[in-house]
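Reviewing the structure listed below.
The values are calculated or read from the model by the stated rules, or taken from the named source; none is laboratory data. Remember, it's a predicted structure, so these values are computed and weren't measured experimentally. Quick reminder, even Gly has a Cβ in these numbers, built from the backbone with ideal geometry, and neighbours come from all protein chains shown. Ligands, DNA and RNA are excluded from the accessible area calculation, which covers all protein heavy atoms including side chains. Shrake-Rupley method; radii C 1.70, N 1.55, O 1.52, S 1.80 Å.
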Amino acid sequence: MTLPSPEILLQLSINGALGGAMYGVAAVGLSLIFGTMRLIFLAQGAMIILAAYLVRALFQHLGIDPFLSLLIMVPVGLVAGWLIYQGLFRKAAAEEDRNISLLIAVGVMFLVQNLMTVIWGGNTAAVVTTYTASGIELLGVRASFTRSMGFLIALAGTALVVLFLRKTLVGKAVRAASEDMTAATLMGISPHKVNAIAFAIGIALAGAAGVAVATTFPFNPFAGFIFSLKALVALALGGIGNVTGALAGGIILGLIEAYTQFFISGGWTNAIAYGVFLAVLMFKPEGLFSRPYKKA
Amino acid sequence: MSLKGMLAALALSTVLTGGATVIANAAGDEIVIGAPVSLTGPFAGDGKEQEWAYKQAVADINKAGGIMIKEAGKKLPVRLVIADDESTEAKVASAIENLVKVQKVDILLSTHSGPLNVAGAIVAEKYKKFYMITAAFPFEWQPLKMKYSALFFFHPGPGAEVPFEIWQKLPENERPKRPALVTEDSPDGKGFGGAFEAAAKKYGYTFAFNDPWATGSTDYSAMITKLKAADADAMLVFGSPADTVTLIRQMKELGFSVPYFHGWKGTWTGEFHDALGKDSDYVLTDGFWSASYPYNGAKELGERYEAEYKKDSVTVGAFYANAQVLFQAIERAGSTDAAAVHDAIFNQEFKDTVVGPLKFDETGFALIPSVATQWWEGKHQLLFPNGTWTYKPAPAWDKR
């Protein structure tokens, strides 16, 4: 097999990275929630699709540009995340058994999927703007405008979360709780408060991801599950609980998918992505960007 | 469980429920027809079209006084009872159980898609209620050798020959030289993929690109890069609406187009056009029916649908015809008794339907042609079979 030209490799790399950033932003939210609650929030994908429907509704009924709706979706996500935690997870989070929280997450996923079906129907929905399906020149190759915007949203969202975690007192409390909840609690940090903050930010990121999804892909109420799965793979690649690693994991997953599609076959894309997921969990369970776990 | 085992279990449960199984007949004041339909879930879009078509058919037959039942010596009105199957096989089964046992329907019209209809046919067989099916591939239903269901639909084999038939009619210099085959990585996709390969061989074509694509993927840029490298000038694509819309959007973003783009499964729906707008122009699509058919009632049905929904449909006629066949079969049988309806359909011909004449074979299957239309300004223009529309090759994106 002859090696493709540098232009083709660059094209594959840019498009793979742009696509992967979408998984990354979903994984960052999962990572934050897992960090404090030790919960894989399986409903994250459904929340992203719910956000995409809201973005579409804002665009269709109020004429608000999808990218401008970020200013609405992020605060709405923060409030919704806070309320979801307080209303559904607060009691379960206090339990030693994490399965209860996991079951609630599954219940939330099905509830949101079915609510969306009742409200908007099961058909494929899409947002069509003047810039839909527009291409731009990026580093000398063609790239999608909306995916490039999605990439910027993912970068900005992750950067803000990292700044929040490193530079603010509340953020430091979230980090402390994610490292050792018992020690953090002994230091006077309220576990419910940090859990609620992590949830709020996680759902706000779902709101931001919803903007990227709505402008780029068609979607239906059940499309979120694949997002949750891919975000989970990105999370494992980047290191569970590692925010920047989650974004990087998403980008790596996007690159794996693009290279697999090009060099092997489109039919192998998912098999290889999930194979890599299993291999990482088996041989480097702490992820590609974290230090190995200390042995007891 | 093997098919044999499944049927044995069904037979046993039928024996056990013995007294509860009622052989219906149309000697009452009305004929009650049940239909599981996907009103919610992923197939809800198609289900709504099916519901509309069934309701239209029932309204039309009732307007004509109902179905003539010789045994009753009069025409009996039809009452339709629809149960949501939530787009899942398990719910089709429970929806039919509900229709038969609680709603006490006399006979059944089908939901759509192969897996759902196979599940429905098995339950109908158990209760000895006749189940009239459309929108399922014969290779999924025929091996079950059902006595109390019949099917009309197109077959992937002849369906896959449609693009080659269209190309044969083009001037030599307009025929694709480097066609590409892209089929989704699913059982249906694989089935169709094999049919396309066989058809290509039959018509003397070789695919310059032949690769499956992952369902539900969000990025097809690598595949598009490969298609560009293969210099493809036509694409035969089997995939869901969401995947096909994502593919076409990315093709535009990356500045790649082919003169001939023909889609199956994902390109005929209204949502495909809604998601792409003008970019859906030039795309060829499959379908089960066309309002341009010359058959009695086809044009009027299409106009009725368009007046109500402000868009056209390439499916409602098939669902309407499904009800037409059942009405005519009940009239011929003089009853809704499953065995009598079986005899009225198997090896019989139905000449007056909106999909044209249907000739059922000894297995209860009747073949209809796969339709090819080209999207143009939000409407399906009929190309095949016997369409009057002239095929328009797609120019490059920046020349549209």
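Against the numbered list (1) more than 13 Å from chain A (Cβ to nearest Cβ); (2) closer than 24 Å to B:Tyr282 by Cα, B:Gly194 comes up short only at (2). I need the full set of residues from region B:200-240 which are small (Gly, Ala, Ser) and either surrounded by 22 or more Cβ atoms within 10 Å (Cβ to Cβ) or modelled with pLDDT under 95 (or both), in order please. Residues satisfying the conditions are B:Ala214, B:Gly216, B:Ser217, B:Ser221, B:Ala222, B:Ala229, B:Ala230, B:Ala232, B:Ala234, B:Gly239, B:Ser240.
Selection over region A:235-247 of residues that are in contact with a Ser or Thr (Cβ under 9 Å, 6 or more places away or on another chain), open to solvent by less than 30 Å² (accessible area, probe 1.4 Å) and either at the interface with chain B (Cβ under 10 Å from one of its Cβ atoms) or small (Gly, Ala, Ser) (or both) gives a count of 4.
Taking every residue in region A:89-100 that is of a type in the set (D, E, K, R) and pairing it with any residue that is open to solvent by less than 80 Å² (accessible area, probe 1.4 Å), at least 6 positions away or on another chain, the pairs with Cβ-Cβ distances below 7 Å are A:Arg90/A:His192; A:Arg98/A:Leu39.
For region B:340-352, the criterion of being farther than 30 Å from B:Val237 by Cα, of a type in the set (Lys, Arg) and modelled with pLDDT of 95 or more is satisfied by no residue at all. Within the span defined as region B:159-177, every residue fails to be within 27 Å of B:Ser87 (Cα to Cα) and open to solvent by 30 Å² or more (accessible area, probe 1.4 Å). Scanning region B:250-263 for residues that are away from chain A (no Cβ under 12 Å) and either open to solvent by less than 20 Å² (accessible area, probe 1.4 Å) or hydrophobic (A, V, I, L, M, F, W, C) (or both) returns B:Val258, B:Tyr260, B:Phe261, B:His262, B:Gly263. A search for C-beta distances below 8 Å between a residue of region B:223-237 that is among the polar types (S, T, N, Q) and any residue that is modelled with pLDDT under 95, counting only pairs 6+ apart in sequence or on different chains, returns B:Thr225/A:Ile8; B:Thr225/A:Gln11; B:Thr225/A:Leu12; B:Thr225/A:Asn15; B:Thr225/A:Phe262; B:Thr225/B:Leu254. Going by the structure shown, is A:Gly266 closer than 21 Å to A:Gly29 by Cβ, open to solvent by less than 10 Å² (accessible area, probe 1.4 Å) and modelled with pLDDT under 90? Judged against the criteria, A:Gly266 is not a match.
Helices (runs of 4 or more DSSP H) fully within region A:57-163 that include at least 3 residues being in contact with a Cys (Cβ under 6 Å, 6 or more places away or on another chain), within 14 Å of another protein chain (Cβ to nearest Cβ) and open to solvent by 60 Å² or more (accessible area, probe 1.4 Å): none found. B:Asp188 passes every criterion in (1) open to solvent by 40 Å² or more (accessible area, probe 1.4 Å); (2) assigned to a strand (DSSP E or B) apart from (2).
Considering B:Gly266, B:Gly270, the condition of being open to solvent by less than 10 Å² (accessible area, probe 1.4 Å) and within 14 Å of chain A (Cβ to nearest Cβ) is satisfied by B:Gly266 alone.
Conditions (1) of a type in the set (Lys, Arg); (2) more than 30 Å from B:Asn173 (Cβ to Cβ); (3) within 7 Å of another protein chain (Cβ to nearest Cβ), marked per residue:
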{"residue": "B:Lys201", "(1), (2), (3)": "yes, no, no"}
{"residue": "B:Asp243", "(1), (2), (3)": "no, yes, no"}
{"residue": "B:Ala275", "(1), (2), (3)": "no, yes, yes"}
{"residue": "B:Ala291", "(1), (2), (3)": "no, yes, no"}
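Given A:Ile226, A:Ile251, which one is touching a residue at least 60 places away in the same chain (Cβ under 8 Å), open to solvent by 50 Å² or more (accessible area, probe 1.4 Å) and either away from every other protein chain (no Cβ under 14 Å) or closer than 29 Å to A:Leu54 by Cβ (or both)? After applying the criteria, what remains is A:Ile226.
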